[in-house]
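A short worksheet on the structure shown next.
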Amino acid sequence: MASIDRADWHYGNDFPDNLPEENSGTHIGMYLNWIIDNNLISEFHLTESKDAIEKVKSGEITGRDFLFDYCDGKFWNQELNEIGLRFTESYYATDKYFGDYAKVLANELDSIYEVKDNRQNYALIKEKLDQRFEKWNSRNNKKFWEFWK
């Protein structure tokens, strides 16, 4: 079991003292929200967290809520299906996601941890994630993805 990211990795260091610790998981949660919206989540969660997945998709809870309530603040490779893992390894795990997240949502802020966990911000990063996935998919994965559907 390999960790992709964990909220507790972000506590301390440059994490602002004036923010709640759950802000350390906002960027992870927004990515998980996108993973759920695109059906790239693991079979385990589809079975064990079905109600929560529906709540994320409907906007009743955020991806950050899902991260803390169903993943203990930790984003593991087991959270993903095969395509989700392959995309995450080439995008999230190479820090490209952090660069996009900072540019799209934190450009005017002192820290990425100040990004508000809301649907408006998710919509902004979702657009970038959709673009990145489409480009990755057309380059690396077209035949596999068509088979997967």
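Here are some notes:
- The one condition from (1) under 12 Å from the mean Cα position of the chain (by Cα); (2) more than 14 Å from Ala2 (Cα to Cα); (3) buried (at least 17 other Cβ atoms within 10 Å of the Cβ) that Phe68 does not meet is (1).
- Residue within segment 104-124 that is modelled with pLDDT of 95 or more, of a type in the set (S, T, N, Q) and touching a Lys or Arg at 6+ places or on another chain (Cβ under 6 Å) present: no
- Filtering segment 19-30 to residues that are among the hydroxyl-bearing types (Ser, Thr, Tyr) and touching a Gly at 6+ places or on another chain (Cβ under 7 Å) leaves nothing.
- Within the span defined as segment 129-141, every residue fails to be on the phi < 0 side of the Ramachandran plot and outside any helix (DSSP H, G or I).
- The single residue among Ile61, Ile28 that is touching a residue at least 12 places away in the same chain (Cβ under 8 Å) and not aromatic (Phe, Trp, Tyr) turns out to be Ile28.
- Scanning segment 67-81 for residues that are assigned to a helix (DSSP H, G or I), closer than 24 Å to Glu134 by Cβ and at pLDDT 95 or above turns up nothing.
- Test: residue in segment 37-54 that is out of contact with any strand residue (DSSP E or B) (no Cβ under 9 Å at 6 or more places or on another chain) and within 17 Å of Ala123 (Cβ to Cβ): yes
- Being among the acidic types (Asp, Glu), out of contact with any Asp or Glu (no Cβ under 7 Å at 6 or more places or on another chain), touching a residue at least 60 places away in the same chain (Cβ under 8 Å) and part of a loop (DSSP other than H, G, I, E, B) is a property that does not hold for Asp8.
- Test: residue in segment 37-45 that is crowded, with 20+ Cβ neighbours inside 10 Å, at pLDDT 95 or above, of a type in the set (Val, Ile, Thr) and in contact with a Lys or Arg (Cβ under 7 Å, 6 or more places away or on another chain): no
- Matching option when the condition is surrounded by fewer than 21 Cβ atoms within 10 Å (Cβ to Cβ), farther than 24 Å from Lys116 by Cβ and over 15 Å from the mean Cα position of the chain (by Cα), among Glu48, Glu21, Glu60, Glu54: Glu48
- Residues in segment 82-118 that are of a type in the set (Asp, Glu) and outside any helix (DSSP H, G or I) were compared, and the one that is surrounded by the most Cβ atoms within 10 Å (Cβ to Cβ) is Asp117.
- Among the residues of segment 39-66, those that are assigned to a loop (DSSP other than H, G, I, E, B) and under 17 Å from Thr26 (Cα atoms) comprise Gly59, Glu60, Ile61, Thr62.
The values are calculated or read from the model by the stated rules, or taken from the named source; none is laboratory data. Note that the structure is a prediction, hence the values are computed from the model and not measured. Every residue, glycine among them, receives a Cβ derived from its backbone with ideal geometry; neighbour counts consider all protein chains shown.
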